[in-house]
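**Student:** Quick one: the structure is below, and I'll ask about it shortly.
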Amino acid sequence: MSRLIVISNRVSVPKTENASGAQGGLAVALGAALREHRGIWFGWSGQETDSFTGHLDLQRQHGVTTATIDLESQDIDEYYNGYANRTLWPLFHHRVDLTEYERSFGEGYERVNGRFADSVAPLIEPGDLVWVHDYHLLPLGKFLQDRGIRNRIGLFLHIPWPPTRLFVSLPFHERLVEHMLHYDVIGFQSEEWHESFCHYVEKELGGRVAADGGTIEWQGRSIVTRAFPIGIDYAEFVEAGATEVAHRAHDRLRASADGKKVIIGVDRLDYSKGLVERFDSYHRFLTDHPEAAKDVVLLQIAPPSREDVHTYQDIRNTLERSAGHINGAHADIDWVPIRYVNQGYSRAELAGFYRAARVGLVTPLRDGMNLVAKEYVAAQDPDDPGVLILSRFAGAALQLPDALLVNPHSSEEVGEAIATALAMPKEERIRRWQGMIGSVRDEDVIAWRDDFVAALSGPAARAAA
Ligand code: GDG
């Protein structure tokens, strides 16, 4: 079995083999793969240093070797807070209005990708598979090749790929994609993002997409591109949901709701998640359905993220105002319509909260996949499941057509979907849930990882296995 080198912006190793703490499924899946493949996980330590030294901090954590570097403050400003989170993230989520184009951001992005390449290249041995993650590191494959690395290198993009007409508003867009065309495999969350990428390569770079719909021929190179929809760690999540902590969280929420039906939202505090629009839709529901409204409470959990980026501070302020406004307009002495919470909870607590909620409200304006939708489905009681309301603009919508699919921009449509979900008879809830649970269980993060690693191993390696 080839060794695996995973490279991502940050490194996050789960604390135990069966982590059920505040770890994401991705960390659990990659951690397990790295243990099996005796691999290394490389990335930024999250620490700032006065001047970049390239010093590698190698550690053995819970069976996985991690290698991290510190970055200097200019790197963090231009690469992470700048190009990654003020240029690519908004643009790839269709927010051209929030996208900032600063030459220094682009320069810092390439400089840090170069630093990543310089630091990780000496760790790569012949035969290793190299798996790069996400929008922070799009040019890294090319930069590794420039340093003599001849291994197979793959990229998985966790966020959407924008339509060509949007993407060309990025200065030097050709350069970014030409760098990407040095990977052997490029994976996307959904067929929609994959098609957008192929369209761009054909139209703007004159590449050729083979009849199989995924192999790109460009300047004598051949790149396999495909959708690899990510899933949750189903087994880990179900286990977390069976713990005492989860049961207590479930009972606590149910008791505090005092017989009212709970609608739950769980999202990083990010404008792409459609939280402002979600609150507007809930307001619309409260106004249009006053008879149903008093029997409902919305719990929105939104731990802050990327607090150094001003648009994230703006959205936080907007949401606080909106929650205050809605509560002010509708609350009674014994009822507050929105519980808006900025703190994070453990995965076991989340599993308990999801199960206690009659409706899961997942309405991003644009989302690569969205794992909360899948976690909500996984956490339900099969005999009395809740209803998932899901944005049609999340990658997950393609895999969960039995959710109530909505346009998150339309407060009228989402407000009506809330009313429909709350009134939905048990038989229909069960039927819809049964239509979704198979894909959530079987297309899990382990299947996703194995699928990607098999594609990265290449046809020759697969045939020999
Ligand atoms: C990117 C893409 C893609 C949230 N609050 C708490 C908490 N969470 C966990 C959720 C879920 C995860 O964070 C969020 O996953 P998402 O998929 O919703 O979103 P992004 O962070 O934007 O992730 C996305 C994903 O990458 C994977 O490829 O699906 O489209 O944008 O697991 O449960 N976890 C805990 N406490 C919280 O308060 N423990």
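All of the numbers you see were taken from the coordinates with simple rules; none came from a lab. None of the values given here were measured: they were computed from a predicted structure. Glycine also receives a Cβ, built like all others from the backbone with ideal geometry; neighbour counts cover every protein chain displayed.
**Student:** Indicate, rounded to the nearest 5 percent, the antiparallel portion of the DSSP beta bridges found entirely in the range 234-441. Walk me through the numbers before you get to the answer.
**Tutor:** Numbers: 1 of 22 bridges.
Antiparallel: roughly 5 percent of the beta bridges in the range 234-441.
**Student:** Just need the relative contact order of the range 196-322 here, percent rounded to a whole number, with Cα pairs under 8 Å and 6+ apart.
**Tutor:** Numbers: 97 pairs, mean separation 24.7, N = 127.
Computed over the range 196-322, the figure is 19 percent.
**Student:** Can you classify the range 234-441 as rounded, prolate or oblate using the Cα gyration tensor, where a ≥ b ≥ c are the square roots of its eigenvalues, rounded means a/c under 1.5, and otherwise it's prolate if a/b beats b/c and oblate if not?
**Tutor:** Details: a/c = 1.26, a/b = 1.17, b/c = 1.08.
It is rounded, given that a/c, with a ≥ b ≥ c, falls under 1.5.
**Student:** Can you give me the long-range amide H partners of residue 227? Hydrogens built in the peptide plane at 1.01 Å from N, cutoff under 5 Å, separation of 5 or more residues or another chain.
**Tutor:** Under 5 Å from the amide H of residue 227: 188.
**Student:** Alpha carbon centre of the range 86-158 versus the range 276-345: separation in Å?
**Tutor:** Centre-to-centre distance over Cα atoms comes out at 36 Å.
**Student:** Next question, about the same structure. With an 8 Å cut-off on Cα pairs and a minimum separation of 6 or more residues, tell me the relative contact order of the range 234-441 in percent. The partial results should precede the final answer.
**Tutor:** Numbers: 379 pairs, mean separation 55.2, N = 208.
For the range 234-441, the relative contact order is 27 percent.
**Student:** Then there's this: Using the Karplus curve 6.51 cos²θ - 1.76 cosθ + 1.60 with θ = phi - 60°, work out ³J(HN,Hα) for each residue of the range 111-121 in order, rounded to whole Hz, and write x for Gly and Pro.
**Tutor:** Once rounded to whole Hz, the list reads 4, 5, 4, x, 5, 4, 4, 4, 6, 8, 3.
**Student:** Moving on. To make sure I understand the rule: partners must be lysines, Cα under 29 Å from the Cα of residue 374, and not fewer than 8 residues away in the same chain. Which ones qualify?
**Tutor:** Within the straight-line cut-off, residue 374 pairs with 15, 260, 261, 273, 294, 426.
**Student:** Lys and Arg at +1, Asp and Glu at -1: add these up for the other residues within a Cβ distance under 9 Å of residue 398 and post the number. Kindly include the intermediate steps, with their values, before the conclusion.
**Tutor:** On the way: positive: none; negative: 191, 192.
Here the charged neighbours net out to -2.
**Student:** Then there is this: Quick one: which residues, 5+ away or cross-chain, put their amide H under 5 Å from the amide H of residue 42? H built at 1.01 Å from N.
**Tutor:** 6, 7, 8, 67
**Student:** Tell me, what HN-Hα J-couplings in whole Hz come from the Karplus equation 6.51 cos²θ - 1.76 cosθ + 1.60 at θ = phi - 60° for each residue of the range 370-377, using x for Gly and Pro?
**Tutor:** Result, ordered by residue: 4, 7, 4, 4, 6, 5, 4, 5 Hz.
**Student:** If you take every DSSP beta bridge fully contained in the range 101-197, what fraction is antiparallel? Give it as a percent rounded to 5.
**Tutor:** In the range 101-197, approximately 0 percent of DSSP beta bridges are antiparallel ones.
**Student:** Which whole-number percent gives the relative contact order of the chain, counting Cα pairs below 8 Å spaced six or more residues apart? Each step should come with its number before you reach the end.
**Tutor:** Numbers: 903 pairs, mean separation 66.4, N = 465.
The value is 14 percent.
**Student:** OK, next. Quick one: what are the phi-derived ³J(HN,Hα) couplings along the range 92-105, Karplus 6.51/-1.76/1.60 with θ = phi - 60°, whole Hz, x for glycine and proline?
**Tutor:** 6, 9, 6, 9, 4, 5, 9, 7, 10, 10, 10, 4, 5, 5
**Student:** Mean 1/r over all different Cα pairs, inverted: what Kirkwood radius does the chain give, in Å? Spell out each step's value before the answer.
**Tutor:** Numbers: mean 1/r = 0.0432 Å⁻¹.
Across the chain, the inverse of the average 1/r is 23.2 Å.
**Student:** State, to one decimal in nm², a quarter of the convex hull surface area for the C-alpha atoms of the range 376-458, i.e. the direction-averaged projected area. Please report the intermediate quantities before stating the final value.
**Tutor:** On the way: hull surface 24.8 nm².
Convex hull of Cα atoms, orientation-averaged projection: 6.2 nm².
**Student:** With the Cα gyration tensor of the range 330-444 giving a ≥ b ≥ c as the square roots of its eigenvalues, does the rule (a/c under 1.5 for rounded; else a/b larger than b/c for prolate; else oblate) give rounded, prolate or oblate?
**Tutor:** Values: a/c = 1.31, a/b = 1.23, b/c = 1.06.
Note, shape of the range 330-444 comes out rounded.
**Student:** Given the Cα-Cα distance of residue 413 and residue 292 and 0.36 nm per residue of separation, how much length would full extension add, in nm?
**Tutor:** Numbers: separation 121, 0.36 × 121 = 43.56 nm, distance 1.65 nm.
Answer, rounded to one decimal: 41.9 nm.
**Student:** By DSSP, what percent of the beta bridges with both residues in the chain are antiparallel, rounded to the nearest 5? All intermediate terms of the calculation are to be shown ahead of the outcome.
**Tutor:** Numbers: 12 of 60 bridges.
Approximately 20 percent, going by the DSSP bridge assignments.
**Student:** In addition: Shape call for the range 1-147 from the C-alpha gyration tensor, a ≥ b ≥ c root eigenvalues: rounded (a/c under 1.5), prolate (a/b greater than b/c) or oblate?
**Tutor:** Note, shape of the range 1-147 comes out prolate.
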